1. What is the mean number of Cβ atoms from other protein chains located within 10 Å of the Cβ atom of each residue in peptide A:185-193, rounded to a whole number?
2. Show which lysines lie in cross-link reach of A:Lys228 when reach means a straight Cα distance below 20 angstrom and same-chain residues fewer than eight apart are skipped.
3. How big is Rg to Rh over segment B:2-240, alpha-carbon atoms, Rh as the Kirkwood inverse-mean-distance radius?
4. Which three extents, in whole angstrom, do the alpha-carbon atoms of segment A:148-198 cover along their principal axes, largest first?
5. Using 1/(1 + (r/R0)^6) with R0 = 41 angstrom and r between the beta carbons of B:Glu208 and A:His160, what's the FRET efficiency to the nearest 0.05?
6. Per 20 Å bin, what is the whole-percent P(r) computed from every C-alpha pair distance within the protein assembly as shown?
7. Please return the longest range in chain A lying between exposed loop sites, taking chymotrypsin sites (Phe, Trp or Tyr not before Pro), DSSP loop only, at most 14 other beta-carbon atoms within 10 Å, and leaving the sites out.
8. State to the nearest 20 debye the size of the charge dipole of segment B:2-240 about its Cα centre, where the only charges are +1 on K and R beta carbons and -1 on D and E beta carbons.
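Taken together, the values in this text are just the output of simple stated rules run on the coordinates, not laboratory data. Worth saying up front: this structure is predicted, and the values here are computed from it rather than measured. Because the Cβ atoms are built from the backbone with ideal geometry, glycine has one as well, and the counts that use them run over all protein chains shown.
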Amino acid sequence: MTILAQQLTLGLMIGGLYGLAAVGLSLVFGVLKVLNVAHGELIMLGGYGAFWLFALFGLDPFASLLLVLPLSLLLGLALYGALFGFVVRADEETRVKNSLLIGFGLALVLHALAVRLWTADDRSIDTPYAGAAISLGGLSIPLVRLASLALAFTLIGGLHLLLKHWRWGQAIRATAEDWQAAMLTGIDVRRAYLLAFAIGTALAGAAGTLVSVGYSINPSIGLEWTLKALIVVVLAGLGSTFGTFVGGLFLGVAEAASAAVFGGPYREVVGLVIFVAVLLLRPRGLFGQ
Amino acid sequence: MLEIRDLDLAYGDARALSGVTLSVKPGEIVALLGPNGAGKTTLLKAIAGLLRPRAGTIVWEGEDLGRLPAHLVVERGLALVPEGRRLFGAMTVEENLALGAFAARARGDRQANLDRVYALFPVLRERRRQLVRQLSGGQQQMVAVGRALMASPRLLMLDEPSLGLAPLMVRAILEVLAQINRSGVAVFLVEQNVHASLTLAHRAYILETGCIVGEGSGADLLQDPHVRRAYLGPLAAREYFRL
C-alpha cells in the first residue's frame, strides 16, 4: 500500500511538469491554431540551457530559471519571426498541415544540434541537495521534485494572471476566441500570435529546466514530451490554464497507477488510452470551452 | 467623411461588389438596404479592413483605407458591430467592453466611454461580472454596440443589429442608435427591418447583387414604389419572417 502511495506521489510530481509542458503547447495551439510538434524539443533545449549554465558557471538550476525564461522567450520570438510567422498567414486548415511540416523539420534540426553539442548521453543536473527528501507518513518525497511541482504551479499561476490582467494577455485570449472580432476591436492579431508563441516557448524552456533537475535529459526526449503535452491538451481541452495543469497531474498519476497495477511497460500505454477515450467520448476535453 | 468610389470586390471568381459608390457625411445616419446575398456584409467588411477590394477606393477623411489592416482602421475612428455580434463569450461583459478600448485612440477615454456605455445600457452595469455567453440575445447586442462605442468611433457601422431580437428590443436598440448619433457619431446601418431603418436614417442606399440601384432620403425611399414592392410588401414580410 505504501509502495503504491509512493508511486502515485511521484506520478503527481512528474504530472506537474506534464501540465507545464502542455500549457505552452495549448497556448500556442489555442491562439495561433498551429500545432508545434517541436514543443518537446524546445523543452529539451531548456533542459540543456540549464545544464550548461550549471556546468559552465555553476549556476543553481532553480536560479537559472531566471535566465532560461527570458532566453527562451527570445528564442520564441526568433522562431516565430523565422518560421511560424509565415504559417499564420494561411487559412486554419492549411496552418495545421504546414505547421506539422515545419515543426517536424525544426524538431529534427534541434535534435541533431543537441547531439552535436551535448552528445546523446543522458544528463542531469547533480546539485548538492539532489538526494534530499522529506518523509511524510511513510512516504519519501524528493525535495527537488517537490520544488519543481511547486514552481510549475507558480508559473502556471503567473500565466493565468498575465492572461487575465495584462492588456496583451486579454488580447491573446480574445484572439484565441475569435481573431476577426479581435481585429475589429483594434488588436494587432499578428502581435498577439507572436507574444503567445514566445510565451509558449518560454514555458517550454522552464519545463525543460525543471526536467533537467529532478529527472534526466538527452537529445531524444523531445518526441516523448511533445506526446505527453499533446495527450494533456486533448484531455484537458483548450482555454483553461489551470484545467491543463490538472490534466497534467491526472496523466502523471494515471501513469503511475497503471505502472503499479500492470507493470512498468504499461506506463506509456495509459496516456494513449486516455487520448483515444477522450477523443471518442468528449472531444472538447474535460475543461474545454 | 467616408467616400467610397467604384468599389469592386470578388471572392475568387464570384463577384460580390461591382462599382459601388456611396458616401457618409459627418453626423449622418445612412442605411444600406438590400436582400440577402446582395453584398451588404461584404461592403462593411471591406470598409473595416477585413476584406481587400479588387478595385476602387475607400477614402476616409482624405486617406485611402484600402490596404490598411483592420486594427488600424479602428485607430482611424471607424468601428464595426459585426453580423452575429462576434463577442468573446468566455469573457465577462466588462472584459469585452475593455477590449473595445484596446485601440490607442480610445485608451485615454476608457473610463468616460465605459460610463457612457453603462448610461446607455444600465443593465450592462448590473451584469458586468457575468460571462457574455450567459446573457440574452438582446443584452449581447448591447454589449456588441457598447464594445464598438468603447473605441471612440466617429463612424459606427452596424451589420444587422436587430437580427433575432424581439420587436421591443429592436426598437430599444434603434432608439439608442439615434441617441448615439445625436452625440455626434455618424452611423452606417445595415438592417433587415426596412421600415424602422428608413424612419431612422437621413439617407439610404439600396444594394442589389453587388450594385447600388437606388439612393435617397429615408422619407423618399419609404414612398418609392420599387422599395415598397420589394422591401415593404409581402415579399419583405416573407423575408423578414424567414418563410
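1. Per residue, the average neighbour count from other chains is 6.
2. Within the straight-line cut-off, A:Lys228 pairs with A:Lys33.
3. Taking Rh as the inverse mean 1/r over Cα pairs, Rg/Rh reads 0.96.
4. Sorted largest first, the three principal extents are 40, 18, 15 Å.
5. Between B:Glu208 and A:His160 the formula returns 0.20.
6. Bin by bin from 0 Å, the calculated values are 21, 43, 26, 10, 0.
7. A:1-128
8. So the dipole magnitude of segment B:2-240 works out to roughly 640 debye.
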